[in-house]
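Visitor: Here it is, the structure, as structure tokens.
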Amino acid sequence: MIKSIQHFEEFGIKNLEKVVEGFMKDPKDMTSFVYGIRDVVIHLGLEIIKETLEDCNQMLRDSAKRKQSWSIVKTDTKKLTTSLGSVSFEKTLFKHKTSGEYAYLLDRILGIPSHEHLTEDACARLLTEAVQTSYQRAGEETSLTDEVSKQTVKNKLHKLVFPSQTKPPEKKKEVEYLYIDADEDHVSLQFKEKKGDLEMGASHWKNNCVLSKLVYVYEGIEKEAPKSRRRRLINAHYFSGVYDGKENQKLWQEVYEYLEQTYDLEKVKKIYLNADGGGWIQGGKELSAQITYVLDEFHLKKYLLKLTGHMMDSAEEAGKELCSAIKDGTKADFKRVVKRITGYAKTENEQKRIKESAAYILSNFSAAKVRLGREEGVRGCSAEGHVSYVLSSRMSSRPMGWSRLGVDKMSHLRAYYWNGGDMLELVRSQKEELPLAAGAENEVKRFKNQKGQGGRSWENMWKA
């Protein structure tokens with residue numbers, strides 16, 4: 001670092017003086033002034049990083065302890081992209097005298113795989129941008145002065161492993177009611193298994209969609225501000241992913257584990273599951289006897305309107321009659337009203353629409369009854385809106401094509417983001433312990449034990 005500071009004193013300060021001088025001549029050009037200062041400071045930072053890493057490598061080369069077991073093979077140049085910019089530095093390849101194993105000891109001590117070219121801070125910036133915009137934009141924002149390719153961004157996303165999102169509070173919360181809303185986003189795929197395997201379906205549309213499932217738990221709804229008309233969910237927690245087939249039960253198990261670890265369920269009167277009756281949502285009803293399924297108001301109104309759309313001026317009255325049959329009657333009562341309404345249908349399409357809409361409500365009759373009954377604790381469902389801004393705004397609102405793995409990983413990342421997850425923590429959770437080269441165990445342990453102790457330098461450690 002001494003060389004970097006000396007170089008800065010000789011050249012960097014002069015560059016700063018030129019930037020200041022230029023600003024004094026033209027004070028209105030504040031932008032050039034700020035950019036000029038930034039470039040000089042960033043250059044200094046990158047030089048310090050480079051020199052420090054090379055000093056560490058030189059300590060390994062000079063270490064008497066290292067010389068007992070490892071011999072020098074050659075020196076290579078490694079390029080690392082940091083959040084400041086890219087740094088190229090020299091590192092040494094060593095060979096173990098007994099086992100014949102080759103290793104970059106500097107990489108092992110720093111915990112950086114030999115094939116890795118992004119630092120943790122750069123990866124965190126990459127993910128922070130990728131979760132909000134695009135792969136290309138994420139690559140551009142990875143570093144202040146450099147960028148990586150869209151392919152690199154995609155590779156990082158696809159390799160992510162998400163830790164458990166359930167961090168139990170010190171004391172479980174006590175609430176009267178809990179709410180679970182569930183819905184899905186239809187995301188377009190570029191291909192199913194390989195490029196070119198998409199075929200046209202009977203409806204003349206490509207069968208290229210995958211469901212990204214969204215489930216979120218919350219404690220109720222409140223105003224954003226005392227006089228605001230906007231509402232927000234209280235302590236919402238999100239779960240999302242593809243969860244195909246048998247994986248669907250894994251999704252609901254994650255939801256229930258979160259409930260068990262966060263809330264005192266014995267104090268909860270009821271858990272309301274608001275949804276549209278999709279097949280994959282049925283697994284949520286089986287989690288606990290406390291869960292009551294409620295048909296979301298959007299879909300209930302949608303199918304009631306389909307039932308009465310042909311009734312013209314009598315549509316409102318027919319709708320009230322249907323609602324009354326659902327709320328206070330039985331399925332038989334509802335069927336009788338539907339039969340009478342069907343008699344007014346003039347075309348086969350109208351009859352078909354009535355039949356399909358009635359079948360939907362009958363399959364969710366109990367859930368519709370709870371919705372219209374307005375029993376204590378029932379709240380409105382905002383799943384459609386949440387799918388829009390949690391998933392669709394990033395994945396399907398614009399023409400995009402994804403891989404199935406990409407949909408799953410981005411869905412998880414969006415949920416992690418909306419749960420307030422720290423991207424740097426996520427990156428660090430991916431880190432695996434590098435396998436130690438034979439004979440290097442003692443050296444690495446020695447470094448880990450000594451690096452934080454006052455006054456002990458790398459050089460002293462390795463020469464001890």
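The values are calculated or read from the model by the stated rules, or taken from the named source; none is laboratory data. The structure presented is a predicted model; accordingly, all values stated were derived computationally and were not measured. Neighbour counts run over all protein chains shown; Cβ positions are idealised from the backbone, glycine included. These area figures cover heavy atoms from the full protein model, side chains too; ligands, DNA and RNA do not enter into them. Shrake-Rupley method; radii C 1.70, N 1.55, O 1.52, S 1.80 Å.
Visitor: Quick check, is residue 366 under 26 Å from residue 270 (Cβ atoms), open to solvent by 80 Å² or more (accessible area, probe 1.4 Å) and in a helix (DSSP H, G or I)? Give the steps one after another, and end with the answer.
Guide: Working: under 26 Å from residue 270 (Cβ atoms): yes; open to solvent by 80 Å² or more (accessible area, probe 1.4 Å): yes; in a helix (DSSP H, G or I): yes.
Answer is yes for this residue.
Visitor: Can you tell me which residue within region 320-356, out of those that are more than 46 Å from the chain's Cα centre (by Cα) and polar (S, T, N, Q), is farthest from residue 294 (Cα to Cα)?
Guide: 347
Visitor: Under 7 Å between Cβ atoms, at least 6 apart or on separate chains: pull out the pairs that start in region 403-418 with a residue that is open to solvent by 30 Å² or more (accessible area, probe 1.4 Å) and end on any residue that is in a helix (DSSP H, G or I).
Guide: Sorted first by the residue in region 403-418, then by its partner, the pairs are 405/158; 409/157; 409/158; 418/390.
Visitor: Please count how many residues of region 407-422 are within 9 Å of the chain's Cα centre (by Cα) and part of a helix (DSSP H, G or I).
Guide: Selection size over region 407-422: 10.
Visitor: List the residue pairs whose Cβ atoms are under 7 Å apart, where the first residue sits in region 127-144 and is without any contact (Cβ under 8 Å) to a residue 12 or more places away in the chain, the second is open to solvent by 70 Å² or more (accessible area, probe 1.4 Å) and in a loop (DSSP other than H, G, I, E, B), and the two are 6 or more positions apart or on different chains.
Guide: That search, which allows pairs on different chains as well, returns 140/147.
Visitor: Give the number of residues within region 212-227 that are part of a loop (DSSP other than H, G, I, E, B) and either open to solvent by 40 Å² or more (accessible area, probe 1.4 Å) or not small (Gly, Ala, Ser) (or both). Give the derivation first.
Guide: Looking only at region 212-227, we keep the residues that are part of a loop (DSSP other than H, G, I, E, B), and these are 219-220, 224-227.
Next cut, either open to solvent by 40 Å² or more (accessible area, probe 1.4 Å) or not small (Gly, Ala, Ser) (or both) only: 219, 224-227.
So the answer is 5.
Visitor: Give the residue, chosen from 305, 287, that is open to solvent by 20 Å² or more (accessible area, probe 1.4 Å), over 13 Å from residue 368 (Cβ atoms) and touching a Phe, Trp or Tyr at 6+ places or on another chain (Cβ under 6 Å).
Guide: Values: 305 fails: touching a Phe, Trp or Tyr at 6+ places or on another chain (Cβ under 6 Å).
Just one listed residue meets the conditions, 287.
Visitor: Here's something else I'd like to know. Please go through region 58-83 and give me each residue that is among the polar types (S, T, N, Q), over 30 Å from residue 140 (Cβ atoms) and open to solvent by 50 Å² or more (accessible area, probe 1.4 Å), ordered by number.
Guide: Looking only at region 58-83, we keep the residues that are among the polar types (S, T, N, Q), and these are 58, 63, 68-69, 71, 75, 77, 81-83.
With the extra rule that they be over 30 Å from residue 140 (Cβ atoms), the set shrinks to 58, 63, 68-69, 71, 75.
Residues satisfying the conditions are 58, 68, 75.
Visitor: So residue 18 fits all but one of (1) in a helix (DSSP H, G or I); (2) open to solvent by less than 70 Å² (accessible area, probe 1.4 Å); what number is the exception?
Guide: Of the numbered conditions (1) in a helix (DSSP H, G or I); (2) open to solvent by less than 70 Å² (accessible area, probe 1.4 Å), the odd one out for residue 18 is (2).
Visitor: Any chance you could count how many residues in region 80-117 are acidic (Asp, Glu), touching a helix residue (DSSP H, G or I) at 6+ places or on another chain (Cβ under 9 Å) and closer than 13 Å to residue 57 by Cβ?
Guide: Going residue by residue through region 80-117, those that are acidic (Asp, Glu) are 90, 101, 107, 116.
Filter again for touching a helix residue (DSSP H, G or I) at 6+ places or on another chain (Cβ under 9 Å), leaving 90, 116.
Add one more test, that the residue is closer than 13 Å to residue 57 by Cβ, and what stays is 90.
Final tally of qualifying residues: 1.
Visitor: Further question on the same structure: Condition (residue is in contact with a helix residue (DSSP H, G or I) (Cβ under 9 Å, 6 or more places away or on another chain), farther than 28 Å from residue 411 by Cα, among the charged types (D, E, K, R) and modelled with pLDDT of 90 or more) applied to region 276-298: is it met by at least one residue?
Guide: Within region 276-298 (the criterion being in contact with a helix residue (DSSP H, G or I) (Cβ under 9 Å, 6 or more places away or on another chain), farther than 28 Å from residue 411 by Cα, among the charged types (D, E, K, R) and modelled with pLDDT of 90 or more), the answer is no, since none of the residues qualifies.
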